[in-house]
Structures are given as structure tokens and as C-alpha cells.
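Worksheet for the structure shown next.
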Amino acid sequence: MSSIGEGFGKVILFNEHFVVYGIPSVAAAIGDTTVAKVEDSEEFQLLDNRPETPGYKKEKLEQQKDSLNRIFKAMNIDVEKNPVKITLEGDLLAASGL
């Protein structure tokens, strides 16, 4: 079994950090996307084939794994019993601020 999802990138034009204080910001979608494909596997795998700012994916790998584990836990998914392969692709640059 497999599933594919696509998410569009966004830009926050101004007031990015003010939203935590309840002040509005202006954001817009951009056409670049990340595509995630999830399929059954013999073991858990995460393949990130997105373009990146040099070193970004390596620097953020542990944070990415932690986020995935939190999602799996919230959804009651045991990837040790039911391993999956997650492949990330698309033309949205993997970088901070995008």
C-alpha cells in the first residue's frame, strides 16, 4: 500500500514574528511543492530528495525524525511493527524561511 501527498510552500511577507503577539501578518502561497510518498517497507526509511541549502537536511535530520515520531505517536502508528518508507521530493527548497 502507498500514498502520496503534496504541500505548497509559503512566504510570509512581513510581521512574521508578530503573530505570536496576536498581530496579523501577510502570507502567500508559492507554486513550489514538497511531495511525500509513503509506502510499506521492510524497515523504516526516510529519503529526502528535495533540493536544499547546503547542509540544511543534515543539520535538521534529528529534528525531522523527532517530528515524525511525534506524528506517529499521535496517530497510534507503530513503525517498528508496520515499517514504512517515506520519500520526500519536489521543487520546494529545503531551507529555513520557506
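Looking only at the stretch 7-28, count how many residues are more than 16 Å from SER96 (Cα to Cα) and exposed (fewer than 11 other Cβ atoms within 10 Å of the Cβ).
7
Do you know which residues across the stretch 36-66 are in contact with a strand residue (DSSP E or B) (Cβ under 6 Å, 6 or more places away or on another chain) and of a type in the set (Gly, Ala, Ser)?
ALA36, SER41
With GLY9, GLY22, GLY5, GLY90 as the choices, which residue is modelled with pLDDT under 95 and touching a strand residue (DSSP E or B) at 6+ places or on another chain (Cβ under 9 Å)?
One residue alone meets the criteria, GLY9.
Can you name the number of the only condition in (1) modelled with pLDDT of 95 or more; (2) of a type in the set (Lys, Arg); (3) part of a helix (DSSP H, G or I) that LYS85 fails?
All conditions pass for LYS85, except number (3).
Determine whether the stretch 57-66 contains at least one residue that is modelled with pLDDT of 95 or more and among the aliphatic types (A, V, I, L, M).
Within the stretch 57-66 (the criterion being modelled with pLDDT of 95 or more and among the aliphatic types (A, V, I, L, M)), the answer is no, since none of the residues qualifies.
Pairs, please: C-beta under 8 Å, at least 6 apart or cross-chain, first residue among the aliphatic types (A, V, I, L, M) and in the stretch 9-24, second assigned to a loop (DSSP other than H, G, I, E, B)?
Once the first residue is among the aliphatic types (A, V, I, L, M) and sits in the stretch 9-24, its partners that are assigned to a loop (DSSP other than H, G, I, E, B) give VAL11/LEU98; ILE12/SER25; LEU13/SER25; VAL19/SER25; ILE23/ASN15.
The values are calculated or read from the model by the stated rules, or taken from the named source; none is laboratory data. Fair warning: this is a prediction, and the values are worked out from it, not measured in the lab. Because the Cβ atoms are built from the backbone with ideal geometry, glycine has one as well, and the counts that use them run over all protein chains shown.
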